[in-house]
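Below is one structure, written out as structure tokens; the observations come after it.
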Amino acid sequence: MTTAEAPALSRDEAFARIRLLRSPNVGPVSYAQLLARFGTAAAALEALPDLVGRTGRPYQPALPARVEAELVAVRRAGARYLFHDSPDYPALLGQAEGAPPILIARGEGALVHRPAVAMVGARNASAAAVRIARDFAAALADAGYAVVSGLARGIDGAVHQGALAATVAGGGGTIGVIASGIDVTYPPEHAALQEEVATRGLLLTEQPPGTEPLARHFPARNRIIAGIAAGTVVVEATPNSGSLITARLAGEMGREVMGVPGSPLDSRSRGCNQLIRDGAVLVQSAEDVIELLSGFDGTPRAPLREPSAPFLLAEPADRPADVTALLTTAPAAVDELVRQSGESAAAVQLALLELELAGSLVRHAGGRVSRSA
């Protein structure tokens with residue numbers, strides 16, 4: 001999904017877009033396909049029951065009352081919506097596969113137009129790593145960067161604190177991406193910090209108001225952090241850390257991946273050191289980060305994987321392909337399904353769309369899909 005200039009949305013179409021995204025089994029990819037196929041969210045909502053009905057299952061889109069209640073909650077929180085084709089939507093995020101079609105934002109919207117760098121790391125970070133993160137973030141904000149993190153304990157909190165301290169002098173700023181609703185604070189001890197980010201920086205989420213931060217929301221949050229920024233810096237991370245997921249996502253998106261080296265005797269540094277061994281750029285100062293990102297223009301320097309079959313189809317198929325027998329619970333690339341089925345990419349994508357809406361398909365990173373368990 002790409003961000004592009006578009007005419008202002010009518011109130012009815014904006015309402016329909018929110019309702020479409022809140023409908024059962026509609027994710028970022030299926031949302032984009034439905035808009036491409038039917039032209040408007042209103043038309044897609046009208047077509048959904050018949051489209052899913054071809055799988056033999058009844059379907060009910062999100063009720064209008066649910067969206068009306070959400071609109072009230074967003075206004076009460078002092079927040080607003082950012083649609084994927086709005087000029088206020090983060091441009092680099094709009095280029096990422098599976099970007100959220102709609103974000104909810106609170107705070108300084110101009111920050112999305114600044115060059116951005118993400119910083120992530122361990123929750124149980126060492127005192128030295130916290131200081132490094134805080135100092136890096138302050139220097140990057142001073143240099144005019146929007147410093148992005150996830151408002152978690154440890155490194156994330158230090159990143160936001162450092163960037164906020166720098167913005168007193170009118171430098172860059174900080175963007176916090178959360179895995180909950182815009183009106184929910186997590187962790188609880190970061191309530192004051194989250195409020196400061198929302199008032200002096202920018203707070204973003206794709207979750208509707210009132211949503212609690214569930215485990216499955218954090219990988220989705222991580223892809224937003226990676227997608228907004230030209231590069232991601234990791235400061236301390238264990239081998240199984242969520243910070244490494246963010247870094248890998250950044251690499252898949254063609255962004256710069258950087259790591260601050262640590263002691264091989266500290267388990268909190270092993271993941272970060274391994275990341276550097278795997279090709280991440282070793283950085284030891286904010287100046288190293290600035291030098292690496294100064295020429296970044298949004299074009300991947302070295303793509304890490306082959307592009308998958310296109311998600312947005314200019315010529316939608318009239319009938320879906322029969323791909324059910326090709327799907328298992330093991331993820332498979334969409335372009336491989338196209339090859340094995342002998343059908344057109346459009347027909348395969350339509351079949352996958354219908355299966356996803358019926359709750360029978362799971363989408364994975366890298367353009368892969370599987371049958372739901």
Exercise. Out of curiosity, is ALA325 modelled with pLDDT of 85 or more and in contact with an Asp or Glu (Cβ under 9 Å, 6 or more places away or on another chain)?
Worked result: no
Exercise. Which condition breaks for GLY173 when tested against (1) out of contact with any Phe, Trp or Tyr (no Cβ under 8 Å at 6 or more places or on another chain); (2) surrounded by fewer than 22 Cβ atoms within 10 Å (Cβ to Cβ); (3) not hydrophobic (A, V, I, L, M, F, W, C)?
Worked result: (2)
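One line per residue, one yes/no per condition, for (1) in a helix (DSSP H, G or I); (2) in contact (Cβ under 8 Å) with a residue 40 or more places away in the chain; (3) small (Gly, Ala, Ser):
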residue: ALA220; (1), (2), (3): yes, yes, yes
residue: VAL234; (1), (2), (3): no, yes, no
residue: GLN274; (1), (2), (3): yes, no, no
residue: ASP288; (1), (2), (3): yes, no, no
Exercise. Going through region 177-201 one residue at a time, which ones are in a helix (DSSP H, G or I) and more than 21 Å from ASN124 (Cα to Cα)?
Worked result: GLU195, GLU196, VAL197, ALA198, THR199, ARG200
For this session: Could you tell me whether region 202-213 includes any residue that is open to solvent by 20 Å² or more (accessible area, probe 1.4 Å) and assigned to a strand (DSSP E or B)?
Result: no
For this session: Residues being under 16 Å from THR246 (Cβ atoms) and under 22 Å from the mean Cα position of the chain (by Cα): count how many of those fall in region 110-132.
Result: 8
Exercise. Does region 261-269 include one or more residues that are in contact with a Leu (Cβ under 8 Å, 6 or more places away or on another chain) and open to solvent by less than 60 Å² (accessible area, probe 1.4 Å)?
Worked result: yes
Exercise. If you take the residues of region 323-354 that are hydroxyl-bearing (Ser, Thr, Tyr) and assigned to a loop (DSSP other than H, G, I, E, B), which of them is most open to solvent (accessible area, probe 1.4 Å)?
Worked result: THR329
For this session: Restrict the check to region 77-88 and report whether at least one residue is of a type in the set (Lys, Arg) and touching a residue at least 40 places away in the same chain (Cβ under 8 Å).
Result: no
Problem set entry | Search result, residues across region 236-260 that are part of a strand (DSSP E or B) and open to solvent by 20 Å² or more (accessible area, probe 1.4 Å) | VAL257
Exercise. Pairs under 7 Å by beta carbon, first residue among the small types (Gly, Ala, Ser) in region 349-373, partner open to solvent by less than 10 Å² (accessible area, probe 1.4 Å) and assigned to a helix (DSSP H, G or I), six or more apart or different chains?
Worked result: ALA358/VAL52; GLY367/VAL334
Exercise. Does PRO100 qualify as being in contact with a His (Cβ under 8 Å, 6 or more places away or on another chain) and farther than 25 Å from ALA280 by Cβ?
Worked result: yes
Problem set entry | Members of region 201-219 that are in contact with a helix residue (DSSP H, G or I) (Cβ under 9 Å, 6 or more places away or on another chain) and either at positive phi or modelled with pLDDT of 95 or more (or both) | GLY201, LEU202, LEU203, LEU204, THR205, GLU206, GLN207, PRO208, PRO209, GLY210, THR211
For this session: Evaluate region 115-122: report whether one residue or more is surrounded by fewer than 24 Cβ atoms within 10 Å (Cβ to Cβ), touching a Gly at 6+ places or on another chain (Cβ under 6 Å) and either modelled with pLDDT of 95 or more or not aliphatic (A, V, I, L, M) (or both).
Result: no
Exercise. Restricting attention to region 145-166, and to residues there that are open to solvent by 30 Å² or more (accessible area, probe 1.4 Å) and of a type outside the set (A, V, I, L, M, F, W, C), which single residue is nearest to THR238 (Cα to Cα)?
Worked result: ARG153
Exercise. Which numbered condition trips up THR174, out of (1) over 28 Å from VAL26 (Cβ atoms); (2) touching a Gly at 6+ places or on another chain (Cβ under 6 Å); (3) not in a strand (DSSP E or B)?
Worked result: (3)
Exercise. Would you call PRO90 closer than 15 Å to GLY176 by Cβ, modelled with pLDDT of 95 or more and not hydroxyl-bearing (Ser, Thr, Tyr)?
Worked result: yes
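Matching residues to (1) more than 18 Å from THR205 (Cβ to Cβ); (2) out of contact with any strand residue (DSSP E or B) (no Cβ under 9 Å at 6 or more places or on another chain); (3) open to solvent by 20 Å² or more (accessible area, probe 1.4 Å):
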site: ARG80; (1), (2), (3): no, no, yes
site: ALA91; (1), (2), (3): yes, yes, yes
site: ALA96; (1), (2), (3): no, yes, no
site: ALA143; (1), (2), (3): yes, yes, yes
Problem set entry | Boolean, ALA125 is in contact (Cβ under 8 Å) with a residue 40 or more places away in the chain and open to solvent by less than 60 Å² (accessible area, probe 1.4 Å) | yes
Exercise. Restricting the search to region 144-172, which residues are closer than 17 Å to VAL112 by Cα, at pLDDT 95 or above and of a type in the set (Gly, Ala, Ser)?
Worked result: ALA146, SER149, GLY150, ALA163
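The values are calculated or read from the model by the stated rules, or taken from the named source; none is laboratory data. Model, not experiment: these values are computed from the prediction. Cβ atoms come from the backbone with ideal geometry, glycine included; neighbour counts cover every protein chain shown. In case anyone asks, the SASA skips ligands and DNA or RNA and just uses the protein heavy atoms, side chains included. Shrake-Rupley method; radii C 1.70, N 1.55, O 1.52, S 1.80 Å.
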